[in-house]
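A.B. asks: Before we start, here is the structure in question, set down as structure tokens.
The values are calculated or read from the model by the stated rules, or taken from the named source; none is laboratory data. Bear in mind that the values here come from a model prediction, so they are computed numbers and not experimental data. Using ideal geometry, Cβ is built from the backbone for each residue, glycine included, and neighbour counts are taken over all protein chains shown. Just the protein is used for accessible areas: all its heavy atoms, side chains included, with ligands, DNA and RNA removed. Shrake-Rupley method; radii C 1.70, N 1.55, O 1.52, S 1.80 Å.
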Amino acid sequence: MKEKKKLIDENGLRLDGRKWDQLRPIKIEVGTLHNADGSAYIEFGKNKIAAAVYGPKEMHPKHALLPDRAVLKCRYHMAPFSVDERKNPAPSRREIEISKVIREALQPSLILEDYPRTAIQIYVEVLQSDGGSRVAGITAASLALADAGINMRDMVVGCAVGKIEGKIVLDLDDAEDKEGSGDMPFAFMPNLNLVTLLQLDGLFTPDEFRQALELAQQGARRVYEMQREALIKQYFSGGAGETTVVEEGE
Amino acid sequence: MSASKKSYVVETLRKAQMIELLSKGKRIDGRQLDETRKLDVRTGVIEKANGSAIVTLGNTQVIAGVKVQPGTPFPDTPDKGVLMVGAEVLPLAAAYVEAGPPDEGAIELARVVDRGVRESEMIDLASLCIKEGKHVYAVFVDVNVLNVDGNLFDATSYAVVSALLTAKMPKYVLEGDAVKNSGEVLPVPVAKIPVSVTIARVGNTLIADPTSEEEAVMDSRITLTTDDESNICAGQKGEPGTFPPEQILQAAEVAIRRGKEIRQAIKAATGHG
């Protein structure tokens, strides 16, 4: 049996020195890509993710358009160099599933009825992955949708919680995800207080599940403050075209 | 499996009617809100498979088959057997289904069921190693959906679990550097029985085990898989709707409570206790 890495030390600190309820450093920029109708870039720990939105645009294939609303499309994709072992660039089953859940996580925030017969395309490109890429991608994609000027009810913000060494902790990184005993990606709309994404694997007692759900909301609210600040800087203090950087101060 | 198969006019009218009914705590087929449909499990239906089961949940019907073969382990788990769950919605299962490679709905279905079996540690993968890094048992469970009437997640989950519970595999032994069939037959090593329960949100009401008709008007669904000790071992929210956090906890309560009953039914049908 391999020696298991200790994920929490005697001082209660995690491998990267974080406390149980601490997020990794986060950097968010809005309006990063010139051609896209909306775009954002996020660094979430070692995750580096670019998100872009094109649309509302003409729907192809035509027969799949919806007469009363826009069709939302989403592609989550990982670069071949984003992980330890080179990843085949063709979309994997995992990426197809994640594309679906990201789309379904963002769709409730959008007023698609304002754009009948059109398509809105979201791209989430993971340039480097470090655990929690889908939820960081959602945070960035929601900013890209806002940057594209798509009418929306609320922002969507993502954050994962997990279980390591029998303890519920916020925001697992790659090492914790691999060695830990549970992971729960989560996204919600903070002002409407509605959950838009929830996945879970591992083993959670009913009580741990309740704690995890509570901690995920707290974490997501903190990411939301940074998401909101990035948008405010881009549109109200920086001026159009300039990118802004927001970092979490500890 | 999305809502795109129905006319929007019919869907909207139907939804209004169903929400009115649900607000009185009633369902269109007369069930309680948290009541699941009649479950029938028949195992050992395919002689050429190592294990098999036909599960009928209301009018939803799926068949699962297990094939166990010698295989090579994944590089990151050299000392563990391989488990793979696949699912396909056959074109004969509903008018809207078209032949072709699995779409995102079928991929999600297979992956959520796989997660429940894997994370509950139903199969002792460590005991399926023949020679570390070289030879392991590969357990393939494939599900074909025969008739669609909603809640494919749970029907598929019950079929996979029932097929595994009754599966027998040949014992492979090392002969030099190769493996060969020893002629002996072993049961597939199962430790736990994961049971998924899917709950749909229609309007502001939660209903368990939705039919196709209910799925056509649902806003969102959540599938929660529990093990024998009521731990939650897999979860998936789906569809472009939302859940208030407190309804997720309600759903977990229903998944644990109904999960226990269904586990008993599966145990009885597969001769496990």
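A.B. asks: How many of the residues in region B:258-273 are surrounded by fewer than 21 Cβ atoms within 10 Å (Cβ to Cβ) and either in contact with a helix residue (DSSP H, G or I) (Cβ under 9 Å, 6 or more places away or on another chain) or closer than 13 Å to B:ILE232 by Cβ (or both)?
C.D. replies: Residues meeting the conditions: 6.
A.B. asks: Quick check, is B:LEU206 touching a residue at least 24 places away in the same chain (Cβ under 8 Å) and within 14 Å of chain A (Cβ to nearest Cβ)?
C.D. replies: In short, yes.
A.B. asks: For region B:81-91, does any single residue satisfy the condition of being open to solvent by 20 Å² or more (accessible area, probe 1.4 Å) and within 14 Å of chain A (Cβ to nearest Cβ)?
C.D. replies: yes
A.B. asks: Taking strands (runs of 3 or more DSSP E) that do not extend beyond region B:123-218, which have at least 3 residues that are small (Gly, Ala, Ser)?
C.D. replies: Ranges flagged: B:178-187.
A.B. asks: Moving to a separate point now. If the requirement is being at pLDDT below 95 and either of a type in the set (S, T, N, Q) or open to solvent by 10 Å² or more (accessible area, probe 1.4 Å) (or both), which of these qualifies: A:GLU113, A:GLU179?
C.D. replies: Exactly one of A:GLU113, A:GLU179 is at pLDDT below 95 and either of a type in the set (S, T, N, Q) or open to solvent by 10 Å² or more (accessible area, probe 1.4 Å) (or both), namely A:GLU179.
A.B. asks: Now a separate question. Of the numbered conditions (1) in a helix (DSSP H, G or I); (2) over 24 Å from A:PRO61 (Cα atoms); (3) out of contact with any helix residue (DSSP H, G or I) (no Cβ under 6 Å at 6 or more places or on another chain), A:GLN107 satisfies every one except a single condition; which is it?
C.D. replies: So the condition that A:GLN107 fails would be (2).
A.B. asks: Just the residues that are surrounded by 12 or more Cβ atoms within 10 Å (Cβ to Cβ) and either in a loop (DSSP other than H, G, I, E, B) or among the hydroxyl-bearing types (Ser, Thr, Tyr) (or both), please, taken from region B:8-28.
C.D. replies: Correct list: B:TYR8, B:THR12, B:LYS26, B:ARG27, B:ILE28.
A.B. asks: On to the next question. Could you check B:GLU35 against (1) open to solvent by 60 Å² or more (accessible area, probe 1.4 Å); (2) modelled with pLDDT under 95 and say which number it fails?
C.D. replies: Of (1) open to solvent by 60 Å² or more (accessible area, probe 1.4 Å); (2) modelled with pLDDT under 95, only one is false for B:GLU35: (2).
A.B. asks: Out of the residues in region A:93-105 that are of a type outside the set (Asp, Glu) and touching a residue at least 12 places away in the same chain (Cβ under 8 Å), state the one that is surrounded by the most Cβ atoms within 10 Å (Cβ to Cβ).
C.D. replies: So, considering only residues that are of a type outside the set (Asp, Glu) and touching a residue at least 12 places away in the same chain (Cβ under 8 Å), the one surrounded by the most Cβ atoms within 10 Å (Cβ to Cβ) is A:ALA105.
Residues checked against (1) at pLDDT below 95; (2) not acidic (Asp, Glu):
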position: B:ALA94; (1), (2): yes, yes
position: B:GLU98; (1), (2): yes, no
position: B:ALA106; (1), (2): no, yes
position: B:LEU109; (1), (2): no, yes
position: B:TYR137; (1), (2): no, yes
position: B:ASP142; (1), (2): no, no
position: B:VAL148; (1), (2): no, yes
position: B:TYR158; (1), (2): no, yes
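A.B. asks: Name the residues in region B:219-251 that are within 30 Å of B:LEU125 (Cα to Cα) and in a loop (DSSP other than H, G, I, E, B), would you?
C.D. replies: Answer for region B:219-251, where residues must be within 30 Å of B:LEU125 (Cα to Cα) and in a loop (DSSP other than H, G, I, E, B): B:ASP227, B:ASP228, B:GLU229, B:SER230, B:ASN231.
Every residue, every condition in (1) closer than 15 Å to A:PHE186 by Cα; (2) within 13 Å of chain A (Cβ to nearest Cβ); (3) in contact with a Phe, Trp or Tyr (Cβ under 8 Å, 6 or more places away or on another chain), yes or no:
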| residue | (1), (2), (3) |
| --- | --- |
| B:GLU215 | no, no, no |
| B:THR223 | yes, yes, yes |
| B:ALA234 | yes, yes, no |
| B:GLY238 | yes, yes, no |
| B:ALA255 | no, yes, no |
| B:LYS267 | no, no, no |
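A.B. asks: Would you confirm, using the coordinates I've provided, whether A:LYS62 is open to solvent by 80 Å² or more (accessible area, probe 1.4 Å) and under 16 Å from the mean Cα position of the chain (by Cα)?
C.D. replies: Numbers: open to solvent by 80 Å² or more (accessible area, probe 1.4 Å): yes; under 16 Å from the mean Cα position of the chain (by Cα): no.
Taking the combined requirement at face value, the residue does not satisfy it.
A.B. asks: I'd like the full set of residues that are open to solvent by less than 50 Å² (accessible area, probe 1.4 Å) and either at the interface with chain B (Cβ under 8 Å from one of its Cβ atoms) or at pLDDT below 95 (or both), limited to region A:189-204. Working first, answer last.
C.D. replies: The initial filter retains those residues of region A:189-204 that are open to solvent by less than 50 Å² (accessible area, probe 1.4 Å), namely A:189-190, A:194-204.
The answer is A:MET189, A:LEU194, A:VAL195, A:THR196, A:LEU197, A:LEU198, A:GLN199, A:LEU200, A:ASP201, A:GLY202, A:LEU203, A:PHE204.
A.B. asks: Could you list, in sequence order, all residues of region B:93-126 that are away from every other protein chain (no Cβ under 13 Å), more than 18 Å from B:ASN151 (Cβ to Cβ) and open to solvent by less than 60 Å² (accessible area, probe 1.4 Å)?
C.D. replies: The answer is B:GLY100, B:ILE123, B:LEU125.
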